[in-house]
Structures are given as structure tokens and as C-alpha cells.
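In what follows, a single structure is set out as C-alpha cells and then discussed.
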Amino acid sequence: MKFSCIMTTFNDGALIRQSIHSILNQTHADFELLVIDDGSSNDTKTILADFDDPRIQVIPQANDGLSSARNRGLHLARGDYICFIDADDTRAPWSFADAARTIDETGADLILVNGAMIQQRAQIQPFMDQPTYQGVMREKHGSGDMPLAALKAWAAAYEPQSANKFISRDIIQRGQLRFPNDHFFEDILFHNMAIAHANRIEFLQSDSFTYFQRQYRNQLTGSNGQIRFDIIGTAGVLFQLFEAHRDFHNAGQRGALTLGALRLLRWCEGQISHYHRDAYRTALREMLRSIHSLFFVIDKSTPDPRGDRDDLSAYVKQVLA
């Protein structure tokens, strides 16, 4: 079984070394690493040129953004399963082997994995998905084999982050999955549509990746500019695509998707400057008014590992008032 790991980089410099080595040190031997260089400066290019390993392909392109780089990786990937890693994060050496063993045993076409997060003061803690994993394990223990609809609901409750999943090529092709190149916050769309097109989902306990939350990281979440308005467009596209999918009638999955989108929409509103908040609220109100009313019916079948369902429902009422 071959894995394709897609790594994108834009001026990550020396940080990319540890990320690449974490992939080359996998105990599972059959993989390719596609490094999409999205128009980096010479410093990063020089570091990439130092690696001489047939498993690595460095694909340069003119700077066109994260989604474009990932989409190019998806186009070129030849593995049976695909995963992603940011150029300043790492994967555990057992990551591919654990996924391969689970695929062999279960035939899963989508695997959700846990991770670790290291913050500014080098404090290691579980990634944000840990409460969700614990919730799905409690439910599986209580009910035995869970139906696919319930598994999809719990999967939709996972953080919409690129590193926490292995996706079969079949899902990518069947769903024609790509990242929206004209919007930021692209992970939430890709995450939920991958779940919608999955036929068998499994969850792994072992930490598969490490996310480094760096003080000076050049990342979207560190900005408070107008770029945050993009979440409104991305969420709107997600609601439209999901409404057209048969999984729209899975109340638990639909509710988890809605909670995840609302959580990010509310967070972005709280992060932008006060000067832009009226405009943000107006645009958000119009988007929410345009989507199907069933998205706001969040019943007891919806996983709520963060316990913020009532707060988010109140937020919607406030926006629509």
C-alpha cells in the first residue's frame, strides 16, 4: 500500500528540514513525499535541494496560495491513500504504519487520527480532537458497531485540519475533491466533503502528527485582517454542496458540520477589527438567511464534544435578529 504525503511550503526555511525528515523516517516504506514549493525564496529552495532521496519530489510553482499548491499535489499524487502535512509540523514515525494496518484490517477509506500540539512554551498537549475521539470511543463501547451515519457525525465533529486524516484515492476521485482556490479556511470544506463521500470510517488513538503553534508562524490564524471574511464565503459553499449531497439527511452529521462552521464563523468575527465587524455581521446574516433551515435543527444525535451547542445556537439567533 502506497501513501502520498503532500507538503506545501512558502518560505519556511530551515523549519522544513524536520518536517521532511519526519516523513523519511516512517517505518512504513512505501510512500512518496510531494513537496509543492509555492514560490519560495532561495533560502528554502537551497534547503530542498540538499535532499537527495528518490521518495521526494519537489514541485515548484509560482506563488498561488495554499489551496493551489495542495490541489497540484492531489493532481500528481500516485498513492492509494493521501495525507497532508504543513512544512513546519511533523509526523510520528509510526503514522503511516498505523494507517496501513488499519486499512488492511478494516478496508477503511477514511481514517481520522489524533495528534499532539506544542505551544509557545514547549508544552506538549493533545491536539484539539482528543475530546471528540474520547466521545466516539464511549459511544462505540456502549453500542458496539456503530452505523456509518453515526460515524460520519462524529467524524464531522473533528477539527477541520489537514493533518488529521488519511483519505483514499477513491474518495478523492469519486467526490472530485479539491481545495477552493479563491477562499481561505479551505480545510472545513475539504474535510466535510471527504466525510460525505466516505464509505467506511475508522478512528485511531495513537498520536499521528505534531502541530507546532509557533509565536512567529506566518499563519492565517495570526491575522486579524479582512481575510477573515473568507470564512463566510467558504462556509456558504460548504452548506450549498452538502445540501445537494445525500448525507444532508443525516441529522447528526449535518448538525456537527453546522456546529463546526458556526464555531469558526463566530471565532473570526471575534478576531477582526471593530471597524469591520458591522460589515462582517451583515455579510454573515445574509449568508445564513440563504441556507436551508434544517442546518439550524441541531438535535440530540449531533455530537457535541465541546459542549457549545447552546452557545452557538444563541449566536445564530443573535445574528439573524
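The values are calculated or read from the model by the stated rules, or taken from the named source; none is laboratory data. Note that the structure is a prediction, hence the values are computed from the model and not measured. No Cβ is skipped: glycine too gets one built from the backbone with ideal geometry, and neighbour counts run over all protein chains shown.
Things to note:
Residues checked against (1) surrounded by 22 or more Cβ atoms within 10 Å (Cβ to Cβ); (2) more than 20 Å from GLN173 (Cβ to Cβ); (3) of a type in the set (Phe, Trp, Tyr):
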residue	(1), (2), (3)
THR8	yes, yes, no
ASP12	yes, yes, no
LEU34	yes, no, no
ASP38	yes, yes, no
ILE47	no, yes, no
ILE56	no, yes, no
SER68	no, no, no
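- Members of the stretch 280-305 found to be without any contact (Cβ under 8 Å) to a residue 40 or more places away in the chain and not basic (Lys, Arg), listed by number: THR282, GLU286, LEU288, SER293, PHE296
- Options GLY79, GLY115, GLY73: the member that is within 29 Å of ARG200 (Cβ to Cβ), assigned by TED's automatic domain parsing to the domain that holds PHE209 and assigned to a loop (DSSP other than H, G, I, E, B): GLY79
- Any pair with Cβ under 9 angstrom, 6 or more apart, that starts in the stretch 52-73 at a residue that is touching a residue at least 40 places away in the same chain (Cβ under 8 Å) and ends at one that is surrounded by fewer than 17 Cβ atoms within 10 Å (Cβ to Cβ) and part of a strand (DSSP E or B): SER68/GLN61; ALA69/ILE59; ALA69/GLN61; GLY73/ILE59
- Of all the criteria given as (1) within 23 Å of ASP308 (Cβ to Cβ); (2) surrounded by fewer than 23 Cβ atoms within 10 Å (Cβ to Cβ); (3) out of contact with any Gly (no Cβ under 9 Å at 6 or more places or on another chain), the one not satisfied by ALA150 is (3).
- Of all residues in the stretch 22-37, those satisfying the criterion of being closer than 16 Å to ASP89 by Cβ and under 22 Å from the mean Cα position of the chain (by Cα) are SER22, ILE23, GLN26, LEU33, LEU34, VAL35, ILE36.
Yes or no, residue by residue, for (1) at pLDDT below 95; (2) more than 30 Å from PHE203 (Cα to Cα); (3) not in a loop (DSSP other than H, G, I, E, B):
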residue: ILE23; (1), (2), (3): no, no, yes
residue: ALA29; (1), (2), (3): no, no, no
residue: VAL35; (1), (2), (3): no, no, yes
residue: LEU48; (1), (2), (3): no, yes, yes
residue: PHE51; (1), (2), (3): no, yes, no
residue: PRO54; (1), (2), (3): no, yes, no
residue: GLN57; (1), (2), (3): no, no, yes
residue: ASN63; (1), (2), (3): yes, yes, no
residue: PHE84; (1), (2), (3): no, no, yes
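- Residue match in the stretch 255-274 (condition: within 24 Å of the chain's Cα centre (by Cα) and assigned to a loop (DSSP other than H, G, I, E, B)): yes
- Per-region count, the stretch 262-283, residues within 20 Å of PRO160 (Cα to Cα) and either crowded, with 16+ Cβ neighbours inside 10 Å or in contact with a Phe, Trp or Tyr (Cβ under 6 Å, 6 or more places away or on another chain) (or both): 7
- Residue-level analysis places GLY142 outside the set of residues that are under 24 Å from THR258 (Cβ atoms), part of a helix (DSSP H, G or I) and modelled with pLDDT under 95.
- Residue match in the stretch 90-102 (condition: of a type in the set (D, E, K, R), within 22 Å of LEU238 (Cβ to Cβ) and crowded, with 21+ Cβ neighbours inside 10 Å): no
- Per-region count, the stretch 160-179, residues in a helix (DSSP H, G or I) and among the charged types (D, E, K, R): 3
- Residue in the stretch 180-195 that is at pLDDT 95 or above, under 23 Å from GLY307 (Cβ atoms) and part of a loop (DSSP other than H, G, I, E, B) present: no
This table checks each residue for (1) modelled with pLDDT under 95; (2) aliphatic (A, V, I, L, M); (3) within 24 Å of SER67 (Cα to Cα).
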residue	(1), (2), (3)
GLN219	yes, no, yes
ASP230	yes, no, yes
HIS245	no, no, yes
ASN250	no, no, no
ALA261	no, yes, yes
ILE272	yes, yes, yes
MET287	no, yes, yes
LYS317	no, no, no
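- Residue within the stretch 146-159 that is of a type in the set (Phe, Trp, Tyr), part of a loop (DSSP other than H, G, I, E, B) and closer than 25 Å to LEU264 by Cα present: yes
- Qualifying residue in the stretch 11-33 (condition: among the small types (Gly, Ala, Ser) and over 30 Å from ALA108 (Cα atoms)): yes
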